[in-house]
Amino acid sequence: MGSPHAVIFFGQIFYWQDKAHAAEGVHKTREEIQHETGLTFEQQAVARKHLVSRGILVETNKRLEHKMFYRIDCERLNEIINENNQFSRNGETRFRETVKPNFAEEGKPSPRTRETPRRGEGKTNFDLTENTTEITSENTTES
């Protein structure tokens, strides 16, 4: 969407869009947006510029009423999402596909060196089954 501020601004307008009663969209003052999002007026202006340039945000300035209305163009948003999906290998997304790692077969990286231990390292030096056998035989003789 252009910047993190644009995403924040988009999210706020998208949230209020279905609650708006005006056909032009959501009416919010810059002070209200700053209070709700933490974005300064300058950050709002840059975010709006990014969103308008991509065709995602439609602004309607009612100069006589001194009101600015914002509306998300959902059709344009869907076009952008579909453009990104068509470049993927699996048709779902263009982001890299990852495989879930199997940590049971591989050692976990050391927090200090970030190196993965070799196979067999990091295991206990005693045999757990031997200890279990002794305990089991003691329990069976007592009963």
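State whether the residues of region 34-48 include one that is modelled with pLDDT of 95 or more, outside any loop (DSSP other than H, G, I, E, B) and in contact with a strand residue (DSSP E or B) (Cβ under 8 Å, 6 or more places away or on another chain). Yes - at least one qualifying residue is present in region 34-48. How many of the residues in region 6-53 are under 23 Å from the mean Cα position of the chain (by Cα), of a type in the set (Lys, Arg) and buried (at least 17 other Cβ atoms within 10 Å of the Cβ)? Going through region 6-53 one residue at a time, the tally reaches 1.
In region 95-114, is there at least one residue being among the small types (Gly, Ala, Ser) and at pLDDT 90 or above?
Keep residues of region 95-114 that are among the small types (Gly, Ala, Ser), which gives 104, 107, 110.
The next check asks that each one be at pLDDT 90 or above; those that pass are none.
Within region 95-114, not a single residue is among the small types (Gly, Ala, Ser) and at pLDDT 90 or above.
The values are calculated or read from the model by the stated rules, or taken from the named source; none is laboratory data. Model, not experiment: these values are computed from the prediction. Backbone-built Cβ (ideal geometry, glycine too); neighbour counts: all protein chains shown.
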